[in-house]
Amino acid sequence: MQLHIADNMEELSTSVANWLVQYIGQVLEKQDRFTIALSGGSTPKKLHELLITEAYRDKIDWSKLHIFWGDERYVPIDNELSNAKMAYDTLLNHVPVPAEQIHIMRTDLEPEASAAAYESILHAYFDNTPTTFDLVLLGMGDDGHTLSLFPGKTEVIHEQQRWATSLWLESQNMYRITLTAPVVNKSAAVAFLAAGANKAVVLKEVITGAHQPDVYPSQVIRPEKGHLMWFVDKAAAGGISE
Ligand SMILES: O=C(O)[C@H](O)[C@@H](O)[C@H](O)[C@H](O)COP(=O)(O)O
């Protein structure tokens, strides 16, 4: 595991963007596509906004990117809560990724049908490859959740077979569609982005504490062969560096 600690949110976004440009370039020297799963949240949003600036935009061969999502709220795509909408607004509407290479988690199907449809796409991409995604970008909630693996959602946290599933989240009164640990843990790289003092206590538990994935679901993300990186700011890392 690699831990990168930035001074603040700006530096955090810059270090992820720099690393991303270099990593995408390196992967595309060996293969003709780069598969990435995006996440929701304010930290990825900042990253997207940076990637479309002049400094970064032309350093990525967007035509070779294949875009997926880590999870989605079961709301229409034009709803402000939609993770897909956020990614389109802040990134995808501004860069030339071919539309057929962008795979949203559909919310015009029933939740379980949507998860099954997503699994089919994932299997078509990854059944014959040694790893799944080239990169999964993840956030971590203040409660230690990642993807839609929320504390106490035991069945989803410990899923062993399915690559995507749906779940009802009482606390938010909505369904969600999410990737599961088995597909994420087969990826070539996973990068968590976490910023802010609100995450300090939980981040310390997730990274240095005992393995309690029902309490801190982010702990189930442990790539089997791939790299695990944490890009955090000082505020979030407070509990670790103290
Ligand atoms: O779908 C969601 O409920 C959110 O997108 C959520 O999972 C988010 O990724 C984390 O809470 C981290 O968010 P921040 O980057 O804003 O801290």
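Distant-in-sequence amide contacts of A37, defined by a placed amide H-H separation under 5 Å and a gap of 5 or more residues or a different chain, comprise F68, L135, V136, L137. By DSSP, the beta bridges lying fully in the stretch 2-237 are antiparallel in about 30 percent of cases. Computed over the Cα atoms of the chain, pair by distinct pair, the Kirkwood hydrodynamic radius stands at 17.9 angstrom.
Positive end of the charge dipole of the stretch 2-237 (Lys, Arg +1 and Asp, Glu -1 on Cβ, about the Cα centre): tell me which of P111, I121, S171 has its Cα farthest that way. Of the candidates, I121 comes out farthest on the positive side. Charged side chains reduced to their Cβ positions (Lys and Arg at +1, Asp and Glu at -1) give the chain a dipole of some 380 debye around its Cα centre. When you filter the GluC sites (Glu not before Pro) in the stretch 1-94 for DSSP loop state and at most 10 other Cβ atoms inside 10 Å of their Cβ, you are left with E80.
Across the alpha-carbon atoms of the stretch 35-170, the computed radius of gyration and Dmax are 15.0, 44 angstrom. The stretch between E110 and I52 holds 17.5 nm of extra length on full extension. This uses 0.36 nm per residue minus the Cα-Cα distance. With Rh defined as the Kirkwood radius, the inverse of the mean 1/r over Cα pairs, the Rg/Rh of the stretch 64-103 is 0.96. Evaluated on the stretch 99-242, the Kirkwood hydrodynamic radius is 15.9 Å, with distances taken between all distinct Cα atoms. Stokes-Einstein diffusion for the stretch 143-209, with the hydrodynamic radius set to the Kirkwood value over Cα pairs and evaluated at 4 °C in a medium of 1.567 mPa s, equals 98 µm²/s. Mean projected area of the convex hull spanned by the Cα atoms of the stretch 30-97, taken over all viewing directions: 4.8 nm².
Sequentially through the stretch 34-48, phi angles give Karplus couplings (6.51, -1.76, 1.60; θ = phi - 60°) of 10, 9, 9, 9, 8, 10, x, x, 7, 5, x, 4, 4, 4, 4 Hz, Gly and Pro residues having no value and appearing as x.
Rule-based calculations on the coordinates, nothing more; no lab input. Since the model is a prediction, treat every value here as computed from it, not as a measurement. Glycine also receives a Cβ, built like all others from the backbone with ideal geometry; neighbour counts cover every protein chain displayed.
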